[in-house]
Amino acid sequence: MFVTHFRELRVCRQAFEAATRIFELSKTWPKEERYSLTDQIRRSSRSVCGNIAEAWRKRRYEAHFVSKLSDSDGEAAETQNWLDFALHCGYMTQQDHTELDRTYETICGSLVKMMAAPESWCGPAQLREEGPIYEVEEE
């Protein structure tokens, strides 16, 4: 089975679910954190998905694909950093932190595996999706 859309990637679905969970948890954080911790963790967690989507569209070129996956991996690590701050400040439970941190470890592992073997994701062999149908006027 070929993956035809970035939303089909397990790593993208995991990242989306984790970002959604972080959004829900962060709704209860103090107002004074709105423009610092809350904003930072929401942005970095959402960027994981965004960079995966960009990588998928750039998979025609291995270097671009790997670069965007690397950006996604960096955003996932940044999110883990903000999770540590949220736990330290008492804004989340140890259980929520542990679950989310494990999820991001899994996400990072998946991204690293994809970066280690970009040829299995990139290039013409993987672009077997049906192309758009162009209407041409006949003479």
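Structure summary
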{"quantity": "Pick from segment 1-15, criterion surrounded by fewer than 17 Cβ atoms within 10 Å (Cβ to Cβ) and either modelled with pLDDT of 95 or more or not charged (D, E, K, R) (or both), ranking: nearest to T106 (Cα to Cα)", "calculated": "R13"}
{"quantity": "Filter result (charged (D, E, K, R) and over 17 Å from C89 (Cβ atoms)) within segment 1-48", "calculated": "R7, E8, R10, R13, E17, R21, E24, R43, R46"}
{"quantity": "Enumeration of residues in segment 33-75 that are outside any helix (DSSP H, G or I) and in contact (Cβ under 8 Å) with a residue 60 or more places away in the chain", "calculated": "R59, R60, Y61"}
{"quantity": "Every residue from segment 17-69 that is among the aliphatic types (A, V, I, L, M) and within 17 Å of L83 (Cα to Cα)", "calculated": "A18, A19, I22, L25, L37, I41, V48"}
{"quantity": "Of residues in segment 76-98 being charged (D, E, K, R) and touching a residue at least 24 places away in the same chain (Cβ under 8 Å), the one farthest from R21 (Cα to Cα)", "calculated": "E78"}
{"quantity": "Pair list, Cβ < 6 Å and 6+ apart or interchain, from segment 111-136 residues that are aliphatic (A, V, I, L, M) to residues that are assigned to a helix (DSSP H, G or I) and modelled with pLDDT of 90 or more", "calculated": "L111/L69; L111/S72; L111/D73; M114/L69; M115/V66; M115/L69"}
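The values are calculated or read from the model by the stated rules, or taken from the named source; none is laboratory data. Computed from a prediction, not measured in an experiment: that's the story for all the values here. For neighbour counting, all protein chains shown are included, and Cβ atoms are generated from backbone atoms with ideal geometry for every residue, glycine included.
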